[in-house]
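Visitor: Structure in structure tokens, see below.
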Amino acid sequence: MTFCQVSCGAFFLAMMVFPKALERRRVRVWVEKTFRGKKSEKLTEIYRTSYKPDYKLIPKNEEHKLLAALEEIKKAPEVVLPNSIEMPPLMKKFIVKDHEKKGLELMKEFTMPLSYNPSPNRVARIAKPGEKPTVQFTMGLGTPASPSLYKGVPLNTQ
């Protein structure tokens, strides 16, 4: 039996189901979780959200379509996140001013390390020192989602 969570493209393969005698709507389900093509190593317990309608039961005869879609996701290129980012402009100015005041040598590279929250659902890998990431984060506003909100405001979008 497979449960598909429609909202995020994840699916669960139900391994054990334990109904609760006193609670009619909730059940304790142990599932094998797959999220964005990556299968979790351990079984996951679903209990508090098992009554919610955002799960869809997939019949056995349609399971092969879900597994075929999983193979397509696995073919996607690997995403490598950067381990450092350029410092914000104001922070650069503070550091330059502080180093000049203290008579220290000015920094050549104005970068700072990035810290990512640990997540069992992370499918992107964090770059090792010296490795080139496939995704770049930059300082700035970027392209606004609603340009009309910024009418008359000079934006440096490079």
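Visitor: Distance check, please: which entries in Lys39/Lys92; Lys108/Lys128; Lys39/Lys108; Lys74/Lys128; Lys38/Lys132; Lys39/Lys128 exceed 32 angstrom between their Cα atoms?
Guide: As for pairs spanning more than 32 Å Cα to Cα, those are Lys39/Lys92; Lys39/Lys108.
Visitor: Label-point separation (nm) for Ile73 and Lys132, each offset 7 Å from Cα along Cα-to-Cβ?
Guide: Here the modelled spin labels are 2.9 nm apart.
Visitor: May I ask for the longest run of the chain untouched by trypsin sites (Lys or Arg not before Pro) that are loop-located per DSSP and have at most 12 neighbouring C-beta atoms (other than their own) within 10 Å?
Guide: Longest stretch, sites excluded: 109-150.
Visitor: About the Cα centre of the chain, what is the dipole size in debye to 20, counting +1 per Lys and Arg Cβ and -1 per Asp and Glu Cβ, all else neutral?
Guide: Computed about the Cα centre, the dipole is about 500 debye.
Visitor: Which order results if Ile73, Ile58 are arranged by neighbouring Cβ count within 10 Å, fewest first?
Guide: Ile73, Ile58
Visitor: Could you put Ile46, Ile95 in order, starting from the residue whose Cβ has the fewest other Cβ atoms within 10 Å?
Guide: In order of increasing Cβ crowding within 10 Å: Ile95, Ile46.
Visitor: For Ala127, list long-range residues whose amide hydrogen, built 1.01 Å from N in the peptide plane, is under 5 Å from its own amide hydrogen.
Guide: Amide H neighbours of Ala127: Leu81, Asn83.
Visitor: Could you derive backbone 3J(HN,Hα) for segment 78-89 from the dihedral phi with the Karplus parameters 6.51, -1.76 and 1.60 (θ = phi - 60°), listing whole Hz in sequence and x where the residue is Gly or Pro?
Guide: Once rounded to whole Hz, the list reads 6, 9, 10, 7, x, 9, 8, 9, 5, 5, x, x.
Visitor: Hey, another quick one. Run the numbers for Arg24 and Ser115: contour at 0.36 nm per residue of separation, minus the present Cα-Cα distance, in nm.
Guide: 28.5 nm
Visitor: Please identify the longest segment of the chain free of exposed GluC sites (Glu not before Pro), where exposed means a DSSP state other than H, G, I, E or B and no more than 13 other Cβ atoms within 10 Å.
Guide: Between exposed loop sites, the widest span is 42-77.
Any read-out appearing in this document is the output of simple, stated calculations on the displayed coordinates, not a laboratory observation. These figures come from a predicted structure and were not determined experimentally. Glycine gets a Cβ as well: all are built from the backbone with ideal geometry, and neighbour counts include every protein chain shown.
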